[in-house]
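To start, the structure itself, in structure tokens.
The values are calculated or read from the model by the stated rules, or taken from the named source; none is laboratory data. Quick caveat: nothing in here was measured; it's all calculated off a predicted structure. As a convention, Cβ positions derive from the backbone with ideal geometry for all residues, glycine included, and neighbour counts pool all protein chains shown.
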């Protein structure tokens, strides 16, 4: 069987990739990272082996594009933070609170929780993507989630420094 | 995979639960892909009196018109295989033909003026399709007559096959080919659709 129409890939994985981009680069750059990811994926799609894991392939591209965005951002003045319009939060503050917590994680933890918890990649896949072994990826994921829980706990939000 | 490996939303509940609307991002993707010549096939659907039609175009022109009974997902999968998997849903290239179909179904137009990409038909079938366009609006021709037009008077069955596999029904009017005995003959969109088109054109 050949490859599915690319439209199916956008439909099936588009929302997941946007969530992953959001978690890695934050609200301001998420949509640019998404667009770069799908444009690069469309370019390479005909060469993708038909039995490939499309989800892991897309996350790999998204990671590269996200890192490009972060590098470019560090070279230019920070734009004002805005929430991407493509994600509809039930409460807009929940998004800002989550990003406020995510940005404080070491980048390896932030990426690990994004690829494991949002993209659903198993830890061996995450390790392949980030380097290191599955055990260290698992540790980074557990540490990242624990820190996020702490930072997002209602008590921490009331008392902790913002 | 152990239980610990199974992701649960936890702190991401707000993000996992947030609704994602890709509308704007899709438009941007289509525009950027078009600019970089990465869109090999675009498609859209139109609602017509004969049901929902799938329209698909390459950069050369309209490449496929498909009835719902053909299974639009199946048709798209075939386009991915035979032309390119770089397929996105997008209006743009197809707005002209969609407008002309509207006019055709409201009897404001009797023919189509759009570029066609006939790459899905080859050899004798392609010859037949080219001659089908010579049958005027409102009239019919027999399978035998089309075989003669195509220069192979004995290839009546092959004309039937060429009509049944016409990648561009309605626009390339295979519905105007009927049986010599007065029967309406078979049609890729079903007998009812064929009858509806011939009635619309005043041919029956």
So residue A:3 passes all but one of these: (1) more than 17 Å from residue A:98 (Cα to Cα); (2) modelled with pLDDT of 95 or more; (3) touching a helix residue (DSSP H, G or I) at 6+ places or on another chain (Cβ under 9 Å). Which condition number does it fail?
(2)
Could you list, in sequence order, all residues of region A:27-39 that are surrounded by fewer than 24 Cβ atoms within 10 Å (Cβ to Cβ) and either touching a residue at least 24 places away in the same chain (Cβ under 8 Å) or under 17 Å from residue A:98 (Cβ atoms) (or both)?
A:27, A:28, A:29, A:31, A:32, A:36
Is there a residue being more than 21 Å from residue B:159 (Cβ to Cβ) and not assigned by TED's automatic domain parsing to the domain that holds residue B:175 anywhere in region B:117-124?
yes
Looking at A:137, A:142 in this structure, which one is crowded, with 24+ Cβ neighbours inside 10 Å, at pLDDT 95 or above and either in a helix (DSSP H, G or I) or more than 9 Å from every other protein chain (Cβ to nearest Cβ) (or both)?
A:137
Counting only residues that are surrounded by 12 or more Cβ atoms within 10 Å (Cβ to Cβ) and either more than 8 Å from every other protein chain (Cβ to nearest Cβ) or in a helix (DSSP H, G or I) (or both), how many does region B:23-38 have?
11
Only one of these conditions is not met by residue A:12: (1) part of a helix (DSSP H, G or I); (2) at the interface with chain B (Cβ under 7 Å from one of its Cβ atoms). Which number is it?
(2)
Any residue in region B:186-199 that is on the phi > 0 side of the Ramachandran plot sitting within a Cβ distance under 8 Å of a residue that is in a loop (DSSP other than H, G, I, E, B)? List the pairs, counting only those 6 or more apart or interchain.
B:190/B:67
Can we say residue B:46 is part of a loop (DSSP other than H, G, I, E, B) and over 21 Å from residue A:42 (Cβ atoms)?
no
Of (1) in a helix (DSSP H, G or I); (2) more than 12 Å from chain B (Cβ to nearest Cβ); (3) touching a residue at least 40 places away in the same chain (Cβ under 8 Å), residue A:104 satisfies all except one. Which?
(1)
Selected residue [surrounded by 15 or more Cβ atoms within 10 Å (Cβ to Cβ), at pLDDT 95 or above and either touching a strand residue (DSSP E or B) at 6+ places or on another chain (Cβ under 8 Å) or part of a loop (DSSP other than H, G, I, E, B) (or both)] from B:118, B:129:
B:118
Note on residue A:74: of the conditions (1) outside any loop (DSSP other than H, G, I, E, B); (2) over 21 Å from residue A:122 (Cβ atoms); (3) more than 10 Å from chain B (Cβ to nearest Cβ); (4) under 17 Å from the mean Cα position of the chain (by Cα), unmet is (4)
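This table checks each residue for (1) assigned to a helix (DSSP H, G or I); (2) within 11 Å of the chain's Cα centre (by Cα); (3) more than 23 Å from residue B:90 (Cβ to Cβ); (4) more than 9 Å from every other protein chain (Cβ to nearest Cβ).
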position: A:33; (1), (2), (3), (4): yes, yes, no, yes
position: A:43; (1), (2), (3), (4): yes, no, no, no
position: A:55; (1), (2), (3), (4): yes, no, yes, yes
position: A:66; (1), (2), (3), (4): yes, yes, yes, yes
position: A:85; (1), (2), (3), (4): no, no, no, no
position: A:93; (1), (2), (3), (4): yes, no, yes, yes
Any residue at all in region B:188-202 that is under 20 Å from the mean Cα position of the chain (by Cα) and surrounded by fewer than 14 Cβ atoms within 10 Å (Cβ to Cβ)?
yes
Lone qualifier among B:75, B:20, B:42 - being free of Cβ contacts under 8 Å to residues at least 40 places away in the same chain, within 12 Å of chain A (Cβ to nearest Cβ) and in contact with a helix residue (DSSP H, G or I) (Cβ under 9 Å, 6 or more places away or on another chain):
B:20
Within region B:78-101, is there a residue that is more than 7 Å from chain A (Cβ to nearest Cβ), surrounded by 14 or more Cβ atoms within 10 Å (Cβ to Cβ), within 14 Å of the chain's Cα centre (by Cα) and at pLDDT below 95?
yes
